[in-house]
Amino acid sequence: MSATTTPLAEPVLLKVADAMRLLSMSRSVIYELIRSGRLRSVNEGRARRITRSAINEYVALLEREAAAN
């Protein structure tokens, strides 16, 4: 049986800098969203990480808020 290599999937846990790039927001805005509970995050050791699902949920929240106005 031979081992096959598969391409690496996109990371599930993102660094704050990656979330900054994805959302086009500053570091301070990302941390404020985390503090306010609008953007979920997890700790991995001492590092703060943001899941891809949390990014998607935040974008969906923004879309719902935009539709309500």
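The values are calculated or read from the model by the stated rules, or taken from the named source; none is laboratory data. Everything numeric here is computed off the predicted structure, so don't read it as measured data. Methodologically, a virtual Cβ is constructed for each residue, glycine included, from the backbone with ideal geometry; neighbour enumeration extends over all protein chains shown. Surface areas here come from the heavy atoms of the whole protein model, side chains and all, with no ligands, DNA or RNA. Shrake-Rupley method; radii C 1.70, N 1.55, O 1.52, S 1.80 Å.
Kindly indicate the residue of the stretch 41-65 that is among the hydroxyl-bearing types (Ser, Thr, Tyr) and within 15 Å of Pro11 (Cα to Cα) and also surrounded by the fewest Cβ atoms within 10 Å (Cβ to Cβ) among those meeting that condition.
Only one residue fits best here, namely Ser53.
Only residues that are at negative phi and loosely packed, with under 13 Cβ neighbours inside 10 Å: list them for the stretch 23-35, please.
Ser26, Arg27, Ser28, Arg35, listed by residue number.
Going by the conditions given, is Arg38 out of contact with any Lys or Arg (no Cβ under 8 Å at 6 or more places or on another chain), open to solvent by less than 90 Å² (accessible area, probe 1.4 Å), outside any helix (DSSP H, G or I) and modelled with pLDDT of 95 or more?
So Arg38 fits the description; yes.
Looking only at the stretch 41-57, count how many residues are among the polar types (S, T, N, Q) and assigned to a helix (DSSP H, G or I).
2
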